[in-house]
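The values are calculated or read from the model by the stated rules, or taken from the named source; none is laboratory data. Keep in mind the model is a prediction, meaning the values are calculated, not measured. Cβ: placed from backbone, ideal geometry, glycine included. Neighbour counts: every protein chain shown.
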Amino acid sequence: MSQIASMQPMRTADCEPSLTDTQVLEFCRKGFLFFEAVVPDDVNRRVFDFIPEHGQNALRQQDWFVDNVLLNTPVAGAVRSLLGANFALPVGISNHLMECPAPKQNWHRDGGSRYGPEVNNLQVFYYPQDTPTEMGPTEVYPGSHHLFALQSWMGHYDQIRGAISTAAPAGSIFITAYSIWHRRGASTATGTRNLLKYSYWRTAQPKRDWILDPDFDLSTHEYIPNGLPGQQFRDWYDAAAMFFWLCGDDRPLLGILGGEGWPMGYPPPRKGANTFPPEGFQRL
C-alpha cells in the first residue's frame, strides 16, 4: 500500500460500487474513465466563483463541494469499485489555471509514478467550466499507464496516434491511473481555463467486491487492446495482471509464453495451441 496513503491524515468515505467486471477490466486496459457533465451547473458556477476568493484547496472543507464533486454519485461509485471500501478523499486540490491562448505541454507522467499492476490511488481531473478544444483540454494516451518511459524521453514526442482529447462540457470528471501519459493541449481561444486535479487513495486490501457480472467469463474474456500501445503484446499481460491484482491475486501470470500463452492465446485453438489461464484461475 502507498506509503503516502499511510502517513497522511485523511478523511475516508464509502459507498456502493458501480463498476462491473467488464468496466474494471476496461479501466485496466485503457487507464481512464470519463464522466461527462455529472456535476450540476449551479455547483460548477459556485466552484468557479469560490476559487478566486478562497483558493481551490479550501473546497475540501465545503460540504456542498464534497457532496457534489468529490462524492459525486457515479464518480464515487467508480472510485469505490477500484480502490475498495473506505477510500480516502483528496488531501489537496490543485488548479491548473491557464491563460489562453497557450502552447501545448510536453507529454509526461506525474511525479512519483510507478510502473506495475498496483492501483493504490487514482488521479482525477474536474472541469468546472466548458472546456472545448480551443481552451486546451488535457490530452491522454490510453493504455500508456503500462508503458515504462523516462520523463526525459517522453518530452521528445509530439502528436501520438491514439491519443485523445478530454474536451468536455462543464461538470465533467475523468478518472485516471496515476501513471498515465498526459499533457495540456494547445489553446487558441482567449480566456482563463480552470482544471481541478486531485487524488483518491486506497485504505483497504484489494479484492473483487465490485458488481459481479454473471456473464463475464475470466477464462475466455477478450484482452485484445484494440490498438492501444504495447510492446509485443505485453499490454495484454499488463491489463490482465492489473485486473488480477484488483481481485486480490498478485501472483505472476506464469505459463506458456508467446502467441500460445494466456491471455494472448485464449480462447483456443490458436495456432493449434492448448492454452489455459493460470492455476487457480477459476477461484476468482
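Of the residues that sit in the range 75-110 and are of a type in the set (Gly, Ala, Ser) and over 16 Å from Arg184 (Cβ atoms), which one is modelled with the lowest pLDDT? Across the range 75-110, the extreme among qualifying residues is Gly92.
In the set (1) at pLDDT 95 or above; (2) out of contact with any helix residue (DSSP H, G or I) (no Cβ under 7 Å at 6 or more places or on another chain); (3) farther than 19 Å from Ala204 by Cα, the condition left unmet by Asn68 is number (2). Would it be correct to say that Tyr178 is out of contact with any Ser or Thr (no Cβ under 8 Å at 6 or more places or on another chain) and touching a residue at least 24 places away in the same chain (Cβ under 8 Å)? So Tyr178 does not fit the description; no.
In this structure, does Leu97 turn out to be in contact with a Leu (Cβ under 6 Å, 6 or more places away or on another chain), under 18 Å from Leu196 (Cα atoms) and touching a residue at least 60 places away in the same chain (Cβ under 8 Å)?
no
Within the range 26-42, being touching an Asp or Glu at 6+ places or on another chain (Cβ under 9 Å) and either hydroxyl-bearing (Ser, Thr, Tyr) or under 19 Å from Pro74 (Cα atoms) (or both) holds for Cys28, Leu33. One residue stands out among those in the range 83-131 that are within 20 Å of Phe27 (Cβ to Cβ), of a type in the set (D, E, K, R) and in contact with a strand residue (DSSP E or B) (Cβ under 9 Å, 6 or more places away or on another chain): the one that is surrounded by the fewest Cβ atoms within 10 Å (Cβ to Cβ), which is Asp110.
Hey, any hits in the range 215-229 for a residue that's at pLDDT 90 or above and out of contact with any Asp or Glu (no Cβ under 9 Å at 6 or more places or on another chain)?
no
Of the residues making up the range 196-208, those that are of a type in the set (A, V, I, L, M) and surrounded by fewer than 22 Cβ atoms within 10 Å (Cβ to Cβ) number 1.
When Gly116 is tested against (1) closer than 20 Å to Arg234 by Cα; (2) modelled with pLDDT of 95 or more, just one condition goes unmet, and that condition is (2).
Do we have any residue at all in the range 32-41 that's part of a helix (DSSP H, G or I) and surrounded by fewer than 20 Cβ atoms within 10 Å (Cβ to Cβ)? Taking every residue of the range 32-41 in turn, at least one turns out to be part of a helix (DSSP H, G or I) and surrounded by fewer than 20 Cβ atoms within 10 Å (Cβ to Cβ). Out of the residues in the range 135-167 that are at pLDDT below 90 and on the phi > 0 side of the Ramachandran plot, state the one that is surrounded by the most Cβ atoms within 10 Å (Cβ to Cβ). The extreme case among them is Gly143.
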